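Student: Submitted below is the structure of interest, expressed as structure tokens.
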Amino acid sequence: MRASLFITCYNDTLYPETGRAVVALLERLGVELDFHPKQTCCGQMHANTGFRGEAFSQAKRFVQLYQDAENVVIPSSSCVAMIRDQYPGLFEQLGNETLRRQFATLVPRVFELSEFLLDKIGVEDVGAYFPHRVVYHASCHGVRALHLGDRPYRLMAKVRGLDLATLPNVERCCGFGGTFSVKNAEVSSAMLAAKLQDVVSTGAEYCTALDNSCLMHLGGAMHRQYAGMKTIHLAQILASTEGSPAEAVA
Amino acid sequence: MSQAAGHHAILDPTLAPPFPQAALNVLRNPQLRKNVTHAIDVIQGKRARLVAEKTDWQELRSTASAIRTHALENLGFYLEQFEARCTAAGGHVHWAADADEARRIILDLLRQENASEVIKIKTMTSAEIQLNTFLEAQGISAFETDLAEIILQLGDEEPSHIVVPALHINRSQVREIFARRMGLKNLSDDPQALTAAARRYLRQKFLTIPTAISGANFLIAETGSVAVVESEGNGRMCLTLPRTMITLAGIEKVLPRFEDLEVMLQMLARSATGERMNPYTSLWTGVTPGDGPQNFHVVLLDNGRSSILSSPKQRQTLKCIRCAACMNACPVYRQTGGHAYGSVYPGPIGAILTPQLMHMQHAQSLPYASSLCGACYEVCPVKINIPEVLLELRAQVTDQERKQAVRFFDPMYLGLRIANLLFARAWIFHAAQRLGRIGARVVTRKDGWIHSLPSVGGKWTQTRDLRGLPSQTFHEWWAARGKEAK
Amino acid sequence: MSAPAQSQQSTSRERILDRIRAATQPSTAAASSYATLPRNYIHKGALNADARVNLLIERLREYDAEVIEATPEGLPAAIAAQLAASGKRSFVAPAGLPADWMAPGFDWKIDRGLTTAEIEQADGVVTAAFCAVADSGTIVLHHSLAEGRRVLTLLPDWHLCILRASQVVERLPEYFDRCLQPPALVTWVSGPSATADIEMTRIKGVHGPRFLHVIVVHDQDAPATNSN
């Protein structure tokens, strides 16, 4: 099984350890991974802020870059949602027939990480070991755009040593929302405060999710407030074994 | 200055401050926030239980969405049919292109009746055209009869929700308003006592004022009927006892057939108040001799709705049946309440409807008042893809704003234009990452975190730290690994 | 309306309809596309007659309506008992209310043009109904002669409604199936009036009858009928 890793612009810059974990995990499972050196961004930030033309140019680039990929794996549910939900409209409005056809053939080969593990490789037990109390934050794009359902929970259920806490109001938005976090920083912070209360109340050591965007927001507040909790992308939990425990995280 | 809100909310989109600023007023008001979250959580809990119980909920949603879409696609046909049937049944149908015309038509009708007072059933549409203020200026007193609307009217407050408009006001605040305005010194704050006071206050008005104004939840094209959905009975009072009834309705309210109510009525109360059915729903057709108003007028209001129709993606905005499930589900609304939206239509539906009714000339901050979480779309009984419309409107606002010279130096616009250049070529992106790493060292503390950033970044670091840039990007690590392997 | 206003009106009407037509341009006629709309929701309940009636009674009692059951022969006595227990004296009766429902010993005001003041002074009202929907506890009034003008079930504080078991359906679409044609006037009543406008605390009896009593008559042997 071969797959191309689309790391995402913000993971590349801010969370390379998540990428390293995805590589370790997938190679352990026998996947032959490659990494297209020309990748940059899927265009979500621009699309969500209303910069449609700019988003289109990035979307076009993405589709052309991955034309020949057997599979594209992305450790970010919001980026996958962008590709599935917004690329069609962008190409309808600004693209041409060729581009729309290229996209149509590519999109069935694009997977969020948990989708790739469960639906493509067909594995639930990835051989992980992570002996900690963990709370899982269900990012909105994962829940409502990708309909991931119980995929993350099935993966976590097989991680040895993991003690999964129940998060109250698990599907309520954390308040990140991309540029919303700065354009409406105060409201974003109010939503964050409410979310943090639920998360911290679980007494978990780690808060995990399938999106580092949410974790950057939650983790940033945890660090500011000395909340005694850390964030870690689910890929890093799944990559963690006795022999190679998860890298020290913030 | 109202005590409940601690500020005077401006619900006129041409005057209201932008959402981030208006929200700030609310965020600093713990009483208001507590009132809002309490109300929201109660309705949400009730709705969730009833939806879980309704095994054909998703099928009903699909049909409700299809009926509303079909009605909008054939709106001209159904409005003409409604007009013909309503007129044949003894009603009079008027067409108002905008708020100004609607107000004048209503005023003319009231003058014909020599009306100096009217009783009103709650209708957001009349708030949209600022009818009460206009009538007062013309010497006509418009008495609200919904309990929430009375609270707001007597307390000189503004609605903050389209179904439970006074949810931001608690019982002791209501007590204070009633005691002061109704002259009831010994009134307790028990909701039972407060409600009884409202009942007595209104009884005489219902029995004596001969002219009423209502909205419409639905207009039925096939029969020319109007349906009003309510809980308290004040609607029934207003649509039964007076001699003259004037119904103001947005043109989008029309349903094709009477039997379409079998779907809509199953969805509306569950979505709006978390009940299987609201206490009273009334339907009437034109004039019935001996029963109810003998002089009946419908004022059909456009006021921007027909221009929303012309965009296929935006048209779905008009499917709305005003249930408010979206604002009950919205995590942003939960924190800010309705006043922050500066419109009589707040919450997710308000964020898309208000700017469009304003022809995108006002309320441009509203499409950004959302984290795009999608909870609204999930609960909307008619499947309005609110996030999709929000994104469409954001693109229009950006296209408008980027033409303005001042935006060239706006840090957000500058930043996004630069980011686009960086993303165009991997080598530029990588160079920028290296530069960023160097620059970030200036603001990164010993613990490896950034606690303070300038400009737009400062909005992040107001409440959150940011982990410093790692010394190696992922792609650099991959490239190095590749070289090692060789 | 004055002449200038009238021509303004026709202009507005045309302008609005022109804008709508320019914006929509449907490809098929309304009637044909209406016929193909998806309707995969539940149209008919699965409960048998007894279960249906029991569900209705349960829902009505959840609204604090008082519900008793009676046989057709026992109905007049059941009505008399309800009226006596109410402690009230004067009752409004719709013009078409069956004579044997007007129990002796009470002051009956038959509506042959009662004034609002007369209705307002009565203690209660007794009516029939068109239909009842069990799963939402809804009583449907079409305001026929035995159900009365709308004001009759609005002003008095106490309402006794006589329902036949054959009038009870389980789900709302079944009520619509029973309407041979759309009625001109309908009031759907689901419990006494209520408000939750103050702190979401449900308070009953704002306007409209605060006390709802229902007698369900077990007429299951009689054929189902739409008339009263």
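The values are calculated or read from the model by the stated rules, or taken from the named source; none is laboratory data. Owing to the predicted nature of the structure, the values given are computational and were not obtained by experimental measurement. For neighbour counting, all protein chains shown are included, and Cβ atoms are generated from backbone atoms with ideal geometry for every residue, glycine included.
Student: Filtering segment A:1-14 down to residues that are surrounded by fewer than 23 Cβ atoms within 10 Å (Cβ to Cβ) and closer than 21 Å to B:R467 by Cβ, which residue is farthest from the other protein chains (Cβ to nearest Cβ)?
Tutor: The qualifying residue farthest from the other protein chains (Cβ to nearest Cβ) is A:Y10.
One line per residue, one yes/no per condition, for (1) in the same structural domain as A:N11 (by TED's automatic domain parsing); (2) out of contact with any Gly (no Cβ under 9 Å at 6 or more places or on another chain); (3) more than 27 Å from A:V22 (Cα to Cα):
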{"position": "A:V170", "(1), (2), (3)": "no, yes, no"}
{"position": "A:C173", "(1), (2), (3)": "no, no, no"}
{"position": "A:V187", "(1), (2), (3)": "no, no, yes"}
{"position": "A:M191", "(1), (2), (3)": "no, no, yes"}
{"position": "A:A194", "(1), (2), (3)": "no, no, yes"}
{"position": "A:T208", "(1), (2), (3)": "no, yes, no"}
{"position": "A:G220", "(1), (2), (3)": "no, yes, no"}
{"position": "A:A235", "(1), (2), (3)": "no, no, no"}
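Student: Could you grab me the full set of residues in segment A:214-244 that are under 14 Å from A:K195 (Cβ atoms) and in contact with a Cys (Cβ under 9 Å, 6 or more places away or on another chain)?
Tutor: A:C214, A:L215, A:H217, A:L218, A:G219, A:M222, A:M229, A:T231
Student: Would you check if A:Q225 is among the polar types (S, T, N, Q) and within 11 Å of another protein chain (Cβ to nearest Cβ)?
Tutor: For A:Q225, the condition - among the polar types (S, T, N, Q) and within 11 Å of another protein chain (Cβ to nearest Cβ) - is met.
Student: Another question, then. Is it fair to say B:L50 is assigned to a helix (DSSP H, G or I), aliphatic (A, V, I, L, M), farther than 21 Å from B:E158 by Cα and touching a residue at least 40 places away in the same chain (Cβ under 8 Å)?
Tutor: Considered against the rule, which asks whether it is assigned to a helix (DSSP H, G or I), aliphatic (A, V, I, L, M), farther than 21 Å from B:E158 by Cα and touching a residue at least 40 places away in the same chain (Cβ under 8 Å), B:L50 comes out as yes.
Results for (1) aliphatic (A, V, I, L, M); (2) within 13 Å of chain A (Cβ to nearest Cβ), shown as yes or no for each residue.
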position: B:Y333; (1), (2): no, yes
position: B:A340; (1), (2): yes, yes
position: B:S343; (1), (2): no, no
position: B:T354; (1), (2): no, no
position: B:H359; (1), (2): no, no
position: B:S365; (1), (2): no, yes
position: B:Y368; (1), (2): no, yes
position: B:S371; (1), (2): no, yes
position: B:C380; (1), (2): no, yes
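Student: Of all residues in segment C:19-57, which are farther than 30 Å from C:A132 by Cα, at the interface with chain B (Cβ under 10 Å from one of its Cβ atoms) and in a helix (DSSP H, G or I)?
Tutor: Within segment C:19-57, C:R19, C:I20, C:R21, C:A22, C:A23, C:T24, C:A30, C:A31, C:S33 meet the criteria.
Student: Which residues, counting only those in segment B:173-201, are facing chain C (nearest Cβ under 10 Å) and surrounded by 15 or more Cβ atoms within 10 Å (Cβ to Cβ)?
Tutor: B:Q173, B:V174, B:R175, B:D189, B:P191, B:A193, B:L194, B:T195, B:A196, B:A198, B:R199
Student: Now a separate question. Could you pull out the residue among B:A66, B:A97, B:A115 that is without any contact (Cβ under 8 Å) to a residue 12 or more places away in the chain, more than 20 Å from the chain's Cα centre (by Cα), at negative phi and surrounded by 19 or more Cβ atoms within 10 Å (Cβ to Cβ)?
Tutor: After ruling out the rest, the residue left standing is B:A66.
Student: How many residues are touching a residue at least 12 places away in the same chain (Cβ under 8 Å) and either at the interface with chain A (Cβ under 8 Å from one of its Cβ atoms) or within 37 Å of the chain's Cα centre (by Cα) (or both) when one looks only at segment B:429-469?
Tutor: 12
Student: Another one. Please verify whether segment B:419-428 includes one or more residues that are in contact with a Leu (Cβ under 7 Å, 6 or more places away or on another chain), exposed (fewer than 15 other Cβ atoms within 10 Å of the Cβ) and free of Cβ contacts under 8 Å to residues at least 24 places away in the same chain.
Tutor: yes
Student: Right, another one. Quick one: count up the residues across segment B:242-266 that are closer than 12 Å to B:K120 by Cα and either in a loop (DSSP other than H, G, I, E, B) or within 11 Å of chain C (Cβ to nearest Cβ) (or both).
Tutor: Within segment B:242-266, residues that are closer than 12 Å to B:K120 by Cα and either in a loop (DSSP other than H, G, I, E, B) or within 11 Å of chain C (Cβ to nearest Cβ) (or both) number 1.
Student: Give me the helices (runs of 4 or more DSSP H) completely within segment A:1-80, filtered to those with at least 3 residues that are over 27 Å from A:K183 (Cα atoms), ordered by residue number.
Tutor: A:16-28, A:52-65
Student: Of everything in segment C:116-134 that's facing another protein chain (nearest Cβ under 10 Å) and either crowded, with 23+ Cβ neighbours inside 10 Å or of a type in the set (S, T, N, Q) (or both), which residue is farthest from C:D219 (Cα to Cα)?
Tutor: Result: C:T116.
Student: I've got another one for you. Only one residue in A:R101, A:R144, A:R84, A:R109 is more than 16 Å from A:Q236 (Cα to Cα), in the same structural domain as A:L218 (by TED's automatic domain parsing), among the basic types (K, R) and out of contact with any Pro (no Cβ under 6 Å at 6 or more places or on another chain). Which one?
Tutor: A:R144
Student: Next question. I need every pair where a residue in segment B:191-215 that is closer than 14 Å to B:I151 by Cβ has its Cβ under 7 Å from the Cβ of a residue that is among the polar types (S, T, N, Q), sequence separation at least 6 or different chains.
Tutor: B:P191/C:T201; B:T195/C:T195; B:L202/B:T145; B:L202/B:N234
Student: Go over the candidates C:D50, C:D64, C:D135 one by one and state the one that is over 19 Å from C:A165 (Cβ atoms) and of a type outside the set (V, I, T).
Tutor: Of the residues listed, the single one that is over 19 Å from C:A165 (Cβ atoms) and of a type outside the set (V, I, T) is C:D64.
Student: Follow-up. Can you go through C:G124, C:G148 and tell me which one is touching a Lys or Arg at 6+ places or on another chain (Cβ under 7 Å) and modelled with pLDDT of 95 or more?
Tutor: C:G124
Student: Can you tell me which residue in segment A:15-38 is nearest to the chain's Cα centre (by Cα), limited to those that are at the interface with chain B (Cβ under 7 Å from one of its Cβ atoms) and either buried (at least 24 other Cβ atoms within 10 Å of the Cβ) or in contact (Cβ under 8 Å) with a residue 12 or more places away in the chain (or both)?
Tutor: A:G19
Student: Now, a different point. Here is a list: C:D100, C:D64, C:D107. Which entry is acidic (D, E), surrounded by fewer than 17 Cβ atoms within 10 Å (Cβ to Cβ) and either outside the structural domain of C:P209 (by TED's automatic domain parsing) or in contact with a Lys or Arg (Cβ under 6 Å, 6 or more places away or on another chain) (or both)?
Tutor: Every option except C:D107 fails the conditions.
Student: Ok, one more. Can we say C:L114 is among the hydrophobic types (A, V, I, L, M, F, W, C), touching a His at 6+ places or on another chain (Cβ under 8 Å), in the same structural domain as C:P72 (by TED's automatic domain parsing) and not in a helix (DSSP H, G or I)?
Tutor: When the stated conditions are applied, C:L114 does not pass them.
Student: Which fully enclosed strands (runs of 3 or more DSSP E) of segment C:127-190 have 3 or more residues being out of contact with any helix residue (DSSP H, G or I) (no Cβ under 7 Å at 6 or more places or on another chain) and in the same structural domain as C:A93 (by TED's automatic domain parsing)?
Tutor: Correct list: C:158-164, C:186-189.
Student: Mind telling me which of the residues B:A212, B:A198 ends up being out of contact with any Gly (no Cβ under 8 Å at 6 or more places or on another chain) and farther than 17 Å from B:N132 by Cβ?
Tutor: Sole residue among the options that is out of contact with any Gly (no Cβ under 8 Å at 6 or more places or on another chain) and farther than 17 Å from B:N132 by Cβ: B:A198.
Student: Looking at this structure, is B:I140 farther than 22 Å from B:L353 by Cα and either among the charged types (D, E, K, R) or buried (at least 21 other Cβ atoms within 10 Å of the Cβ) (or both)?
Tutor: No.
Student: Could you give me the residue pairs with C-beta distances under 7 Å whose first residue belongs to segment C:19-41 and is under 16 Å from B:Q81 (Cα atoms), whose second residue is of a type in the set (G, A, S) and part of a helix (DSSP H, G or I) wherever it lies, and which are 6+ apart or on separate chains?
Tutor: The qualifying pairs are C:I20/B:G76; C:I20/B:S306; C:R21/B:G76.
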